[in-house]
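Working notes, beginning with the structure itself.
Coordinate-derived values only; no laboratory data. Predicted, not measured: the structure shown is a model, and the values here were computed from it. Note: ideal-geometry Cβ built from the backbone for every residue, glycine included; neighbour counts use all protein chains shown.
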């Protein structure tokens, strides 16, 4: 379970949000909404430990995430604005590298399976720089398919994806939640999930 | 996380860096060409007095190696930063110190080793004796890793800064003065001592710099 209490974010001299509290339990999906600049990305970066909150605490299974460190990182998957893939590598290589770097090597076959699920087909062998923006994001999102993280932190994950890919992502999130996973999704688009336990965190401007 | 997973990570990191360098091999090639050209300009520009050339040889080769290394060091973390892979590395369940150490090691393997290997060829045009050549080779072998270690700190500190390449040089070059003095003076044991010192604190400092840069 992830518990955030009284979080405050200050960037420069501006307080972006303050006193944000919520708790995410297994099977929960939170949709994070709010106008541009309301701190959605900052909140997600805080939750994955890249940004430390100016006030408040974030706890994972009852312990602060700063003290947990690597143990916490093994339970989260973060997908930010920058997709986190290398242009020089193919989609398969990118996926193998990113799992390898987290300490769990995956076979080429597993990588191919995951990329097929993301609908990348035969283009998974091309260097990523030859792919379109949507395809690049699909290649990056395949990380979620092979990962074993229980908490997904997804920032504008549906941007530049076509309808088919959006459905794939929604199904992925649904399966993840059904298996007892948790997700926090920042998005301007509507997210149609089968799970009825989806809630909203609204950040004010 | 177990030691086995650290090993898996380290292997993948090295593979990634080496393959990446191979696919962008023009970067390494231009760095080596720069090294050769700078070091060759001195014998051409100076009085062709063999005694003078022999006296300045190790200093010239060392300074050229230092300048050439600066070309690659600015890019050490910045490309990973712009495409978001660095951010992902920071939240992998692996110690950041190990990742940074792996990156530095790979940088040395890819750019440092070729630089050291072609240095005897350059020394030939200065007319060095075999003994002097060996000393130069040894001092570069132990000294170049220091440049990469200190460079990693500079590269981490300047992430996201416009014109970062020049700023890296301004931060790193003054810090490299001790190793340059010992290295060009042929004092291999002192260079080794500096290497041991930087091995301890540089990866740690670079890791902290990365955490701050990505906040």
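Points to keep in mind about this one:
- Residues satisfying the stated conditions in segment A:109-142, i.e. crowded, with 20+ Cβ neighbours inside 10 Å, within 14 Å of another protein chain (Cβ to nearest Cβ) and in contact with a strand residue (DSSP E or B) (Cβ under 8 Å, 6 or more places away or on another chain): A:128, A:140, A:141
- The listed residues are A:99, A:90, and the only one of them that is closer than 20 Å to residue B:89 by Cβ, out of contact with any strand residue (DSSP E or B) (no Cβ under 7 Å at 6 or more places or on another chain) and surrounded by 16 or more Cβ atoms within 10 Å (Cβ to Cβ) turns out to be A:99.
- Qualifying residue in segment A:83-96 (condition: at the interface with another protein chain (Cβ under 10 Å from one of its Cβ atoms) and closer than 22 Å to residue A:177 by Cα): no
- Test result for residue B:76, at the interface with chain A (Cβ under 10 Å from one of its Cβ atoms), surrounded by 15 or more Cβ atoms within 10 Å (Cβ to Cβ), assigned to a helix (DSSP H, G or I) and under 23 Å from the mean Cα position of the chain (by Cα): no
- Segment B:1-23: number of residues that are outside any helix (DSSP H, G or I) and exposed (fewer than 15 other Cβ atoms within 10 Å of the Cβ): 1
- Of residues in segment A:90-103 being part of a helix (DSSP H, G or I) and touching a residue at least 12 places away in the same chain (Cβ under 8 Å), the one farthest from residue A:135 (Cα to Cα): A:99
- Checked against the criterion of being in contact (Cβ under 8 Å) with a residue 60 or more places away in the chain and either surrounded by 19 or more Cβ atoms within 10 Å (Cβ to Cβ) or assigned to a helix (DSSP H, G or I) (or both), the candidates B:64, B:26, B:58 yield just one match: B:58.
- Subset of segment A:24-41 (residues that are surrounded by fewer than 22 Cβ atoms within 10 Å (Cβ to Cβ) and within 21 Å of residue B:88 (Cα to Cα)): A:41
- Unmet requirement for residue A:106, which otherwise passes all of (1) in a helix (DSSP H, G or I); (2) farther than 25 Å from residue A:203 by Cα; (3) more than 8 Å from chain B (Cβ to nearest Cβ): (1)
- The set of residues in segment A:21-53 being more than 14 Å from chain B (Cβ to nearest Cβ) and in contact with a helix residue (DSSP H, G or I) (Cβ under 7 Å, 6 or more places away or on another chain) consists of A:27, A:29, A:32, A:34.
- Selected residue (criterion: nearest to residue A:86 (Cα to Cα)) from residues of segment B:1-15 that are touching a helix residue (DSSP H, G or I) at 6+ places or on another chain (Cβ under 7 Å) and touching a residue at least 40 places away in the same chain (Cβ under 8 Å): B:13
- Test for residue B:93: is it surrounded by 16 or more Cβ atoms within 10 Å (Cβ to Cβ) and either in a helix (DSSP H, G or I) or over 11 Å from the mean Cα position of the chain (by Cα) (or both): yes
- Every residue from segment A:9-21 that is under 17 Å from residue A:59 (Cα atoms) and crowded, with 16+ Cβ neighbours inside 10 Å: A:9, A:20
- Within segment A:69-83, being buried (at least 17 other Cβ atoms within 10 Å of the Cβ) and in contact with a strand residue (DSSP E or B) (Cβ under 9 Å, 6 or more places away or on another chain) holds for A:72, A:75, A:76, A:77, A:78, A:79, A:80.
- Taking segment A:150-187 as the range and being part of a loop (DSSP other than H, G, I, E, B) and under 28 Å from residue A:71 (Cα atoms) as the test, the residues that pass are A:150, A:156, A:157, A:179, A:180, A:181, A:187.
- Annotation: residue B:46 fulfils all but one of (1) surrounded by fewer than 22 Cβ atoms within 10 Å (Cβ to Cβ); (2) within 14 Å of another protein chain (Cβ to nearest Cβ); the unmet one is (2).
- With respect to the conditions (1) farther than 27 Å from residue B:78 by Cβ; (2) within 14 Å of chain B (Cβ to nearest Cβ); (3) part of a strand (DSSP E or B), residue A:71 falls short on a single one, namely (3).
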